[in-house]
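Written out below as structure tokens is the structure these notes cover.
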Amino acid sequence: MNAMPSLNGSVGYIFTSCDLNVKNSGDVRFKDMVERFRVYDQPRRPEGKGEQWLAGERVDTRDYLMYGRLYIPTGRLDALYSTRLSANLQGIVAAISDPPSPLSAQANVSNLMLSLQHDVGKWCTEYTYSAEDSMWGIKALHNFGRIAGSGNAADSSQTPTRVGLKRIDEEDAVEGGLRGRLSAGAEIYLSAKEKSAGVSTGIRFSTIPEAKTPSTGGSTSIIIPPQPPTTITALFNPMLGHLSGAYSARVSQDLALSSRFDFNVYSYESEWTMGAEYWLRRDNDPDSELSSPAVESSKKRIHGVVKARASTNNDVAILWEGRMRNMLISLGVIADFSSQSRVKPIRAMGMELAYFSSDDSVS
């Protein structure tokens, strides 16, 4: 529910054949519910679902997920159906129905989108089709280096807990530089209705996430690497001439900084954006990413996060996200301090309330 600038909200529903453990909005892990800076683990090849037998007969079924969301009072409806066709293949059907508003002359906007995703760990491809503008698209991503689970099978019998895992010092890197992984991707799309096409490319470098090692008692401790978690990306669209580069890093346990530079090679327009996120904590933190016994006494509970963004276009945005009793709350403001908006610099102010529950929360 959004309370400002106007009262509106949505009602959603999810049903899946897989185990759904989202808990309740009052006790779910806060970091899992907000967009934040993170460094993802090594890519791995998806594993197929094991064989299922009943009374001597094989009764395998495909996993699926159904999602629906109704926006109030606009009446827009979003629907999605996803199913796993095989261990490496997934199909998605998405539909949007947006009825015309009584305050505007916009016609009913409906669209049907089909996607086919193929993932083998090293390579990922996606084929899409949009019925509204008859647009076809192909996306591809290649992960350089080894992937998780690709270790020597002969060694896996001796050390089953370390199959395919690489130590931090095993990654290739320039002496004194960051150690990590490199990925490159591209997309091509063609619209038969608009008779237009496009292409874009991108490259990403990510450091290795925290290495997890087993400790006494069967628990897992996390070793913080001697390098800040960092992600560097570069995107280029040759047809539009748009070039973008971003650098993000977590400089401490609770502070992450980011910088992005956008430039157009045709118009020479540019923009530099800087952002930060800072986590607010209290005593006894079950959400802490540090689980080493040495820092057990210093854990603090996360009760919110503050995000800020500023750009050379005189745009400033501040967002606070937190939890109040059983609700997740977001409160933010966007201001424009350019010469044309000095009289009323506040462009938008809003608040969002979220509440959800699941029958699987007790499991």
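The values are calculated or read from the model by the stated rules, or taken from the named source; none is laboratory data. These numbers come from a predicted model, not from an experiment. We place every Cβ from the backbone using ideal geometry, glycine too, and count neighbours over all the protein chains shown. Calculation scope for accessible area: heavy atoms of the full protein, side chains included, ligands and nucleic acids excluded. Shrake-Rupley method; radii C 1.70, N 1.55, O 1.52, S 1.80 Å.
A count restricted to the range 39-62 and to residues that are touching a residue at least 12 places away in the same chain (Cβ under 8 Å) and surrounded by 10 or more Cβ atoms within 10 Å (Cβ to Cβ) stands at 10. Note on the range 236-270: among residues that are in contact with an Asp or Glu (Cβ under 9 Å, 6 or more places away or on another chain) and open to solvent by 60 Å² or more (accessible area, probe 1.4 Å), the one that is farthest from residue 300 (Cα to Cα) is 269.
Per-residue answers, yes or no, for (1) at pLDDT 85 or above; (2) more than 27 Å from the chain's Cα centre (by Cα); (3) surrounded by 15 or more Cβ atoms within 10 Å (Cβ to Cβ):
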{"site": "277", "(1), (2), (3)": "yes, no, yes"}
{"site": "286", "(1), (2), (3)": "no, no, no"}
{"site": "295", "(1), (2), (3)": "no, yes, no"}
{"site": "299", "(1), (2), (3)": "no, no, yes"}
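Of all residues in the range 29-50, those being among the basic types (Lys, Arg), under 17 Å from residue 90 (Cα atoms) and at pLDDT 80 or above number 2.
Tell me the residue from 50, 9 that is farther than 24 Å from residue 255 by Cα and part of a loop (DSSP other than H, G, I, E, B), please. Talk me through it step by step, then tell me what you get.
Details: 9 fails: part of a loop (DSSP other than H, G, I, E, B).
Every option except 50 fails the conditions.
Looking across the range 120-150, the residues that are assigned to a strand (DSSP E or B) and of a type in the set (A, V, I, L, M, F, W, C) come down to 123, 124, 135, 136, 138, 140, 141, 148. Among the criteria (1) in a loop (DSSP other than H, G, I, E, B); (2) among the hydrophobic types (A, V, I, L, M, F, W, C); (3) at pLDDT 95 or above, the one residue 114 does not fulfil is (1).
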